[in-house]
Amino acid sequence: MPERRLSAVVLAAGEGTRMRSERPKPLHLLCGRPMILHVLDAMAEIDVHRVVVVVGHRGEWVTKTLVQLAPPTMEIEFVEQLTQSGTGDALAVGLTGLPDDDDEVEDVVVLPGDTPLLRPQTLAALVRAHRAEDASATLLTAVVENPSGYGRIVHGKDGDVARVVEESDATGEEKAIDEVNTSIYCFRRSILAPTLRRLSPANAQGEYYLTDAVAVLSSAGYRVRSLVLPDSMEAAGVNDRAQLAVAEAELRDRINERWMRRGVTMWDPERTYVDAQAHLEADVSLLPGVILRGDCTVGAGAEIGPNSVLPDTTVGEGAVVTESVCTRATVGAGARIGPYSVLEPGAEVPAGAVIGPHAVHRSPDA
């Protein structure tokens, strides 16, 4: 049999009203990077042939952001869901962005744009399990202590997934199930479009639920499997500012651990903030209260902090920045800054120079 190709559809059309923001939900920042880009970054590390992003609310903003910032090797097609009629309808719209070629030998990963904590290894494991079981669909699921608000996974006697029941439609017995849907799937593409055409909006929300595709496939005799996440936090969705803060803390912990394992010293990781785009060399020391925002680069042996804020700044090898703010600045190797100094946007400090306490250093063009 030929190797099946892999495409992906990212559902990012929702308005995200609980964010209470003019900014589209997928573009809210998480460790300095729009949330949906963390999803695309995870897919960039597995062999995804094509990606379709379904946009809706403020779709032009989302599209422009992804065109500018998405992984450069990723082929992205944008399609618009004109009416918010549910996730089943969103996926049907998304499939129009995939060419008609090779659909018999292709799998499609489907995931929401608000699951920024999903790891590439987990996506790869989902695809492997789907193909190993020769399933028509495989759901990524999680076992949680409090399943309230999630769709429940109902298994048949053979262990396959028989259906997914949304909270608003679940019986008391079904609400007691602690295995829940994460809204992340892998489908065999050849059966996906016919399945979506059989969905009905006859439910409490009057929407086309993608979860209903499971019952359609099961009743038609197709095999539907599940893969349980070892860490349910990976599939945590972000629907409001409180959940955004939880995701930020989790992702920040991952970023800090990665840099420490690469030779960076953090005196107090819980009070050290490093954005996803930062680059640090070995033997960098970050003291408590350091904030590295955006595209920061810190050379080997440099020491930053305490309580220094560096947006989009480059710091050379062996430099020391103490309790200062440096914005879009360049600090040469071995330079000394602070304490309580300010480098204004565009400022350049030569190698070995000293900018003393309470100083303001401006751009040469200022």
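Out of the residues in segment 139-153 that are touching a helix residue (DSSP H, G or I) at 6+ places or on another chain (Cβ under 6 Å) and outside any loop (DSSP other than H, G, I, E, B), state the one that is nearest to Pro112 (Cα to Cα). First the steps, then the outcome.
Filtering segment 139-153 down to residues touching a helix residue (DSSP H, G or I) at 6+ places or on another chain (Cβ under 6 Å) leaves 140, 142, 144, 149, 152.
Then keep just the ones that are outside any loop (DSSP other than H, G, I, E, B); that gives 140, 142, 152.
Working: Leu140: 12, Ala142: 16, Arg152: 18 Å.
This residue is Leu140.
For segment 308-329, a residue qualifies if it is surrounded by fewer than 18 Cβ atoms within 10 Å (Cβ to Cβ) and of a type in the set (S, T, N, Q), and exactly one does: Thr327.
Could you count how many residues in segment 308-366 are among the polar types (S, T, N, Q) and under 18 Å from Ala278 (Cβ atoms)? Number satisfying all stated conditions: 6. The number of residues in segment 1-32 that are in a strand (DSSP E or B) and surrounded by fewer than 18 Cβ atoms within 10 Å (Cβ to Cβ) comes to 2. Scanning segment 290-307 for residues that are buried (at least 24 other Cβ atoms within 10 Å of the Cβ) and more than 28 Å from the chain's Cα centre (by Cα) turns up Ala302, Ile304, Gly305. Using beta carbons and a limit of 6 Å, which pairs, at least six apart or on different chains, have the first residue in segment 354-366 and in the same structural domain as Ala335 (by TED's automatic domain parsing) and of a type in the set (Val, Ile, Thr) and the second one surrounded by 13 or more Cβ atoms within 10 Å (Cβ to Cβ) and in a loop (DSSP other than H, G, I, E, B)? Here the result reads Ile355/Ser341, each pair linking segment 354-366 to a residue that is surrounded by 13 or more Cβ atoms within 10 Å (Cβ to Cβ) and in a loop (DSSP other than H, G, I, E, B).
For (1) more than 30 Å from Met19 (Cα to Cα); (2) in contact with a strand residue (DSSP E or B) (Cβ under 8 Å, 6 or more places away or on another chain), each residue gets a yes or a no:
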| residue | (1), (2) |
| --- | --- |
| Ala249 | no, no |
| Asp253 | no, no |
| Met260 | yes, yes |
| Asp275 | no, yes |
| Ile291 | no, yes |
| Gly299 | yes, yes |
| Val309 | no, yes |
| Val320 | yes, yes |
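Within segment 271-323, the set of residues being assigned to a strand (DSSP E or B) and not β-branched (Val, Ile, Thr) comprises Tyr273, His279, Leu280, Ser285, Leu286, Leu292, Arg293, Glu303, Leu310, Pro311.
In the set Val144, Val161, Val127, which member is more than 26 Å from Val105 (Cα to Cα) and β-branched (Val, Ile, Thr)? Before you say what the answer is, go through the steps one by one.
On the way: Val161 fails: more than 26 Å from Val105 (Cα to Cα); Val127 fails: more than 26 Å from Val105 (Cα to Cα).
None of the others qualify; the one that does is Val144.
Comparison of Leu82, Leu91, Leu123 shows that the only residue that is crowded, with 17+ Cβ neighbours inside 10 Å and within 26 Å of Thr17 (Cβ to Cβ) is Leu91. Give segment 10-53 a look and list any residue that's touching a helix residue (DSSP H, G or I) at 6+ places or on another chain (Cβ under 9 Å) and basic (Lys, Arg), or say none. Within segment 10-53, Arg18, Arg20, Arg23, Lys25, Arg33 qualify. Kindly indicate whether any position in segment 289-312 is at pLDDT 95 or above and touching a helix residue (DSSP H, G or I) at 6+ places or on another chain (Cβ under 7 Å). The answer is yes, given that some residue of segment 289-312 is at pLDDT 95 or above and touching a helix residue (DSSP H, G or I) at 6+ places or on another chain (Cβ under 7 Å).
Just checking, does segment 48-70 include any residue being part of a loop (DSSP other than H, G, I, E, B), without any contact (Cβ under 8 Å) to a residue 40 or more places away in the chain and over 13 Å from the mean Cα position of the chain (by Cα)? Within segment 48-70, one or more residues are part of a loop (DSSP other than H, G, I, E, B), without any contact (Cβ under 8 Å) to a residue 40 or more places away in the chain and over 13 Å from the mean Cα position of the chain (by Cα). Residues in segment 159-175 that are modelled with pLDDT of 90 or more and exposed (fewer than 15 other Cβ atoms within 10 Å of the Cβ): Gly159, Thr171, Gly172, Glu173, Lys175. Check segment 270-279 and report whether any residue there is modelled with pLDDT of 95 or more, within 26 Å of Arg152 (Cβ to Cβ) and buried (at least 18 other Cβ atoms within 10 Å of the Cβ). Within segment 270-279, not a single residue is modelled with pLDDT of 95 or more, within 26 Å of Arg152 (Cβ to Cβ) and buried (at least 18 other Cβ atoms within 10 Å of the Cβ).
The values are calculated or read from the model by the stated rules, or taken from the named source; none is laboratory data. If you're wondering where the values come from, they're calculated on a predicted model, not measured in any experiment. Note: ideal-geometry Cβ built from the backbone for every residue, glycine included; neighbour counts use all protein chains shown.
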